[in-house]
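For reference, the structure is listed below as structure tokens.
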Amino acid sequence: MDSTLRLAALSALLCLTSFGAAAYNHELEVAPIAPGRFAVACSNVEHDMSRMAQLGGVPSDYWEGREVNGRQLYITDILAQPDTAVTFRAQVPLKPQLYPTRFFQRVPFAVIVCHPTPQGNNDPSYTLPGAGGVVPHMQRPGNAPKLISGVEYAQTVGLDAAGASQGPAKLPLVVYSHGLGGSPLGKGYIDVMVQLAAQGYMVAAVFHADARFSLIKVEDFADFVYTLAFFPLIVEMQAMRPLALKAMTDAILDDPRYQEGIDTTRIGGFGASLGGQAMANLLGARLTTSLAMSCDETARDSRIRAAVGYVPYSGQSFLPAFCNDQEGADSVNRPYLAIAGTADITAPIKLTQQAVNRMGDSRYLVQLVNGEHELRPADAGDVLTWMVTFLNAYLDVRSDPTAMARFIRMNSVHGGRTDSVVVDVHVPFANVGGESRVVEFYNTGLNHFFLTASPSDMSIIDAGGAGPGWIRTGHSFKAWLQPSAESAAGGAVDVCRFYGGYNGGPNSHFFTAIKSDCELVKTSYPGWTFEGIAFQVRPPVGGACPPGYIGVNRAYNNGYVRNDSNHRFTTSDSSIKALERLGWTYEGIAMCSHP
């Protein structure tokens, strides 16, 4: 065996003994999130029962926009305190391919807002007629909402209240979208809103009232014949959702009752079922608008920095929601977490995974084993824990500064259905403290991966100067390109870069942050050429990274027997596991990086 092959074989053994037991980032089962610390109040949605008796129907008919006795009903018809309630009109643009019956109309919508409130708020709660749900501390007619102050917020979360505002605390906002045919006041939805608000969020949910646009039901989505017959109206209903959500956000941010209590740099989203699809659309996903797979942009909202989709609808095998092969998901450019059931036939997880894998920013998929298109009470702890931890991690909520460190390590939540991470790709936050981005490339002809933090390398590769077939994978992690005070303070070490392309080598690069390995390769294996220090990273200790760092995993293609050795380095566990299924060997966490 020549020196090139011996090094390739030995490097795998060295890495295994140096890294210790092979570990992944997402490995921990965590306890369900504790109940929120904040008291919660909500905006006024009081019903005029005498008006309802005149018009007919039951409360849910108004919440969901059904037609009763030839009359189209909506919640605005029965608001007892319309001047105190939150309402707006959405202007539908001239786009017949999206809105074949509604273009140029101004469609009315109503909203319920729930938010942290002072502990001393003694406004009574409102029991919803016919449903048994409760709107806590509902805003009184003619009164402003009782928003929590900056001082009380700081005291509640354990921050220094000195200098905190006596006025409203600046809270993160969650734009909230219920499932098809539901409403914010329906079973489970108002409860989730209240729980989110108790965690420190202001939550705004629109009454979509899908029946105003299409009479389709949840179970109809899997019906091929129904879809063919009513597809233009289905498209209109789908497109109306992101349009209404964006217009609602405009209205809330312009509303003097709420605008002072919102931090506009921390806006997230949550949607269930069709609401999960709407969140993807707001983040950039294009929508299938014809049976021939035409692909069009819906309303987008750059203010939403991250979003969660619970059992998100991504289409059916015969008609994906985001265009042919879900290519419309390519343009999603902000973090998205999908939580999907493996037994869901209404929103098949296979279609969701296909869409999530194509998204262009941080993207995750958590599977609920044997989960259907439902939210069981037993699963609520799982869903809320994933949702809040993810949103806190990507919105930088002051009350939970360790959220990203915990999210990096989460693989499941105790209780409820068996759950686990099946897709995890983290796109690093902006560089700070002299950091640089280490970018991954893949060669479609060689089936090799390569890393570089050098801007000049990247330019050469992108221009074809390194040969044909090289593409960016979209994976990257942060490191220090040059030694600095910041890298020294971070405990960084040099990463040696070697090239094995001379004298019949495998035309591959090898990277190591282990000094002894670096020196061994330099002195004992002339088939590998030392090219210098590639960058600096923090090394793992005992095969793991310090809290707050994300591990850079390393896998080996076992190519020494065919003189084709190559390693891949990525923070994505799911990408490494996909390689393992192809015969690669996972060698453990090789480096540690700031998220």
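The values are calculated or read from the model by the stated rules, or taken from the named source; none is laboratory data. Keep in mind that what you see is a predicted model, and the values were worked out from it rather than measured. For neighbour counting, all protein chains shown are included, and Cβ atoms are generated from backbone atoms with ideal geometry for every residue, glycine included. Heavy atoms of the whole protein, side chains included, go into the accessibility calculation; ligands, DNA and RNA do not. Shrake-Rupley method; radii C 1.70, N 1.55, O 1.52, S 1.80 Å.
Numerical summary
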item	result
Estimated [θ] at 222 nm from DSSP helical runs (n ≥ 4, -39500 (n - 2.57)) normalised by residues in the chain, nearest 500	-8000 deg cm²/dmol
Accessible area of Leu375 in the full protein assembly, 1.4 Å probe (Å², nearest 10)	80 Å²
Heavy-atom accessible area order for Thr512, Thr418, largest first, 1.4 Å probe	Thr418, Thr512
Computed accessible area, Ser524, all protein chains, 1.4 angstrom probe, square angstrom	50 Å²
Distance between the range 48-121 and the range 501-517 - C-alpha centres, whole angstrom	64 Å
Dimensionless Rg ratio for the range 233-378, taking C-alpha atoms and the 2.2 N^0.38 Å reference	1.03
The range 498-595, accessible surface, carbon-and-sulfur percent (1.4 angstrom probe)	53 percent
Prolate/oblate/rounded call for the range 405-464, Cα gyration tensor, a/c under 1.5 rounded	oblate
Reciprocal mean inverse distance between Cα atoms of the range 144-187 - Kirkwood radius, Å	12.8 Å
Centre separation in Å (Cα based) which lies between the range 294-345 and the range 247-281	18 Å
Span from the the range 411-469 Cα centroid across to the the range 351-392 one, whole angstrom	23 Å
Relative contact order (%) - the chain, alpha-carbon pairs under 8 angstrom, separation at least six	14 percent
³J(HN,Hα), Karplus 6.51/-1.76/1.60, whole Hz, each residue of the range 514-520, x for Gly, Pro	9, 4, 5, 5, 4, 5, 4
Sequence of Met237, Met458 from largest to smallest accessible area, 1.4 Å probe	Met458, Met237
Other-chain or far-sequence residues with amide H under 5 Å of Gly501's (modelled H)	Asn507, Ser508, Thr529
Relative compactness, the range 438-567, computed as alpha-carbon Rg over 2.2 N^0.38 Å	1.08
Sum of side-chain charges, Ser476 neighbourhood, beta-carbon under 10 Å (Lys, Arg +1; Asp, Glu -1)	+2
With at most 12 other Cβ atoms within 10 Å, longest stretch of the chain clear of loop chymotrypsin sites (Phe, Trp or Tyr not before Pro) (DSSP)	105-317
Other-chain or far-sequence residues with amide H under 5 Å of Leu171's (modelled H)	Ile262, Asp263
Global geometry of the range 337-408, whether rounded, prolate or oblate, following the gyration tensor of its Cα atoms and the 1.5 cut on a/c	oblate
Fraction of antiparallel bridges per DSSP, the chain only, in percent to nearest 5	70 percent
Amide H contacts under 5 Å for Ser165, placed H, 5+ residues apart	Gly150, Val151
The chain, dipole about Cα centre (Lys/Arg Cβ +1, Asp/Glu Cβ -1), debye to the nearest 20	340 debye
In Hz, Karplus ³J(HN,Hα) per residue of the range 182-196 (6.51, -1.76, 1.60; θ = phi - 60°; x = Gly, Pro)	x, 6, x, 9, x, 4, x, 5, 5, 5, 5, 4, 5, 5, 5
Kirkwood-based shape ratio for the range 298-356, expressed as Rg/Rh from alpha carbons	0.96
Largest to smallest accessible area among Thr342, Thr264 [probe 1.4 Å]	Thr264, Thr342
Helix 380-395 axis, angle to the chain major axis (alpha carbon atoms, nearest 10°)	70 degrees
Local electrostatic count at Phe535 - Lys and Arg +1, Asp and Glu -1, tallied over other residues with Cβ under 14 Å	-2
In Å², nearest 10: area of Lys146 left accessible to a 1.4 Å probe	80 Å²
Average accessible area per residue (Å²) across the chain - probe 1.4 Å, nucleic acids and ligands excluded	38 Å²
Among [x] 24.9, 78; [y] 26.5, 91; [z] 29.5, 99, the entry derived from the coordinates for Rg and Dmax of the Cα atoms in Å	[y]
Cut-off 9 Å between beta-carbons: net charge of the residues surrounding Ala492, Lys and Arg +1, Asp and Glu -1	-1
